[in-house]
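Structure, as structure tokens:
Where a number appears in this text, it was derived from the coordinates with a stated rule and is not lab data. On a predicted model such as this, the values are computed, not experimentally measured, just so you know. A quick note on method: Cβ atoms are made from the backbone with ideal geometry, for glycine too, and the neighbour counts reach across all protein chains shown.
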Amino acid sequence: METLSFILHNLPAIGERTVEHLSIVSVAVGVAILTGVPLGIAITQSRRTADSVLYLGSIVMTIPSIALFGILIPILSKIGHGIGWLPAVIAAMLYAQLPIVRNTYTAIRNVDPALRSAAIGMGMSALQRLVQVEIPIALPVIIAGVRVAVVINIGVTAIAAYIGAGGLGTFISRGISQSDIRQLITGALALGLLAIAADYSLAWLQRRLTPRGMAPRAG
Amino acid sequence: MIRLEALTKTYATPKGNVTAVDAVSFEVHEGETCVLLGPSGCGKTTTLRMINRLVAPTSGRVFLSGRDTGTVDPVELRRGIGYVIQQIGLFPNMTVAENIGVVPRLLGWDAARRRRRAQELLSLLGLPPEDFADRYPNELSGGQAQRIGVARALAVDPPVLLMDEPFAALDPVNREAIQDEFLRMQRKLRKTILFVSHDIDEAVKMADRIAIFHSGRLVQFATPDDMLAHPANAFVASFVGSDRTLKRLRLIRVREVVVASADGRADATLPSVSPDDDLRQVAALFLEHGTDSLACVDASGHVLGTVTSEAIARRLARDDSR
């Protein structure tokens, strides 16, 4: 009951924190898509490069986010951004790489070789093949990767409150330091709802962008 | 039309060079169907894929209408050659009409013209355009999909079609039907076709000429009748089978062996055949009725003469097949 009245009294602040949170996640995922999708496509050309890139991505995933923020502080303080929004975005972007690169790589590699053979035999150039056939077919799986990245990033960004990046994690960090259960619950609840909402809207997007001929059919 | 000159492909493997296709030369004339026949691994598909340069030849040349294909940009070359593969390879993200329109689109046709062309080809292949144009490949049966595959290859009306075991994945009933349709269509379109098959019956049915391959070499290049009558060596003889005489029967029409009767009448007690039937039907009637002669009667009931086992034996023994 106390928590409820806290939430009701702090709705504007919650809204502001949500916007901060989303700005970090969307910029990070946006940059990760712009770099990760081309990277995922590029590494389909060489098995060995692909293995090392994906291996590197997995290593990044194993670094605890709080440690990654720590590593970024001395590096980014050289340009005066040791803490705050920039390191939060960079860390989130690094965590988003693996799901996006891996899904793009897998989806493009799994395009039926017969389609590739037919496309080449009909006189498509490599770029035409990519744009007209391989990317449209791979798109649902690429978006599935983006969904995973977004959900991971909502979690990572919550930790970024500790380096002064703002966002919904602020409620949790303050809740812990002030032993205030109301703030803790508010933060956790808002983060959970945000993750669910983001995942649902991306699932909708994924269905919309699935070519009609490839959609699973009922019956 | 298509001339292969000492076409060779060798692959470097850890165990040394392997020659997949060894100095193959032959020529297919305009409007002819040539079937490349042989067991798997004999080099027939590699030979086909060297014609549209999906495989780069190690040496030798391919001429298409007198033009050395080695001097042409492969992408441009392929757009001018229809290509059909066994796995069909329809793009699942495109409708039937869009699939047929792929090469037209690469060549810059506008949307209305692509659509018209797709409808035209669907009608030609006996698939009502209003029903099929906007379907997706996952809404087609195997036979329908392969017909669309053929339509797609014909989209820009290329003079040459390359077909890599196009009907091999279909069930026998469907295969017969699509072969018959294809033959009917080919009689109208007169394309120059190279057709890879491992099935002697299909080859005999479809081919004007058969090129039979064995371990990378062309062992015989002949008309189906000639190949069945005179296999070049023991390999060809065993590949075409011990029933090769029976297979020849399908190639010969009754009109070629009918002996005209002097009085324009035949024994009314004899079973009758039409002049366009092939000799398999004659053989079947011989066995069924225990006879060795039949009346040949045309569609209007006019008696053309008689068909006898002697006349058939003479025809089968003749050397100048076609």
(request) Mind running the shape call on chain B? Use the C-alpha gyration tensor, a ≥ b ≥ c as the square roots of the eigenvalues: rounded below 1.5 for a/c, prolate if a/b tops b/c, oblate otherwise. (result) oblate
(message) Just to confirm my numbers, what's the Cα centroid distance between segment A:71-114 and segment A:1-26 in Å?
(response) 26
(message) Please report the spacing between the Cα centers of segment B:36-113 and segment B:222-246 in Å, no decimals.
(response) 31
(message) What is the sum of charges, Lys and Arg at +1 and Asp and Glu at -1, for the other residues whose Cβ falls under 12 Å from the Cβ of residue B:76?
(response) +3
(message) Taking θ = phi - 60°, what integer Hz values does the Karplus form 6.51 cos²θ - 1.76 cosθ + 1.60 yield along segment B:58-69, in sequence order, with x for Gly and Pro?
(response) 6, 7, x, 9, 10, 10, 10, 6, x, 9, 5, 5
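Rounded, prolate or oblate: which fits the protein assembly as shown, taking a ≥ b ≥ c as square roots of the Cα gyration tensor eigenvalues, rounded meaning a/c under 1.5, else prolate when a/b beats b/c?
Details: a/c = 3.78, a/b = 2.61, b/c = 1.45.
Cα axes put the protein assembly as shown in the prolate bin.
Looking at segment B:91-176 from every direction and averaging, what is the projected area of its Cα convex hull in nm²? Provide the component values of the computation, followed by the final result.
Values: hull surface 23.1 nm².
Value for segment B:91-176: 5.8 nm².
Could you tell me what percent of the DSSP beta bridges with both partners in the protein assembly as shown are antiparallel, to the nearest 5? Before the final figure, lay out the partial values.
Values: 29 of 50 bridges.
Within the protein assembly as shown, antiparallel bridges account for around 60 percent of the total.
Taking Cα pairs under 8 Å and at least six residues apart, what relative contact order does chain B come out at, in percent?
Numbers: 581 pairs, mean separation 58.6, N = 322.
18 percent.
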(request) Output the relative contact order of segment A:23-142, whole-number percent, from Cα pairs under 8 angstrom with separation of 6+ residues. (result) 36
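For segment A:69-219, what relative contact order do you get, as a whole percent, if you take Cα pairs closer than 8 Å and at least 6 residues apart?
On the way: 151 pairs, mean separation 37.0, N = 151.
Relative contact order of segment A:69-219: 25 percent.
Could you work out the mean count of beta carbons from other protein chains within 10 Å of each residue's beta carbon in B:91-102? Intermediate values should be presented prior to the final figure.
Working: counts 14, 10, 14, 6, 3, 1, 0, 2, 2, 0, 0, 8.
Mean shielding by partner chains, rounded to a whole number: 5.
Given 25 °C and 0.890 mPa s, how large is the Stokes-Einstein diffusion coefficient of segment A:11-52 in µm²/s, with Rh as the Kirkwood radius over Cα pairs? Write down the numbers at each step before the final one.
Numbers: Rh = 12.4 Å.
In µm²/s, the coefficient is 198.
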(request) Starting from the Cα of residue B:243, step 7 Å along the direction of its Cβ; do the same at residue A:48; then give the gap between the two resulting points in nm. (result) 5.5
(message) Testing the spin-label approximation: label points 7 Å from Cα along Cα→Cβ at residue B:318 and residue B:6. State their distance in nm.
(response) 3.9
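For an R0 of 41 angstrom, estimate the FRET efficiency from the Cβ-Cβ distance between residue A:2 and residue A:34 and round to the nearest 0.05. The partial results should precede the final answer.
Details: r = 44 Å, r/R0 = 1.08.
After rounding to 0.05, the efficiency reads 0.40.
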(request) Calculate, for residue B:130 and residue B:56, the FRET efficiency according to 1/(1 + (r/R0)^6) with r their C-beta to C-beta distance and R0 45 Å; round to the nearest 0.05. (result) 0.55
(request) Could you work out how far apart the two model spin labels at residue B:201 and residue B:23 are, taking each label as a point 7 Å from the Cα in the direction of the beta carbon, and quote it in nm? (result) 3.7
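By how many nm would the segment from residue B:113 to residue B:173 grow when fully extended, if each residue of separation counts as 0.36 nm and the alpha-carbon distance is taken off?
On the way: separation 60, 0.36 × 60 = 21.60 nm, distance 3.47 nm.
So the chain would gain 18.1 nm between residue B:113 and residue B:173.
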(request) Please give the average number of partner chain Cβ atoms lying within 10 Å of the Cβ of each residue in B:69-81, rounded to a whole number. (result) 2
(message) If I take R0 = 56 Å and measure r between the Cβ atoms of residue B:183 and residue A:197 in this structure, what FRET efficiency does the formula 1/(1 + (r/R0)^6) give, to the nearest 0.05?
(response) 0.40
(request) Mind putting a number on the dipole of segment B:126-255 about its Cα centre? Charges go on the C-beta only, +1 for Lys and Arg and -1 for Asp and Glu, and I need it in Debye to the nearest 20. (result) 660
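Taking a ≥ b ≥ c as the square roots of the eigenvalues of the Cα gyration tensor of segment A:97-219, is the shape rounded (a/c under 1.5), prolate (a/b larger than b/c) or oblate? Mind showing how you got there, number by number?
On the way: a/c = 4.96, a/b = 2.71, b/c = 1.83.
Prolate shape, in that a/c is at least 1.5 and a/b is the bigger ratio.
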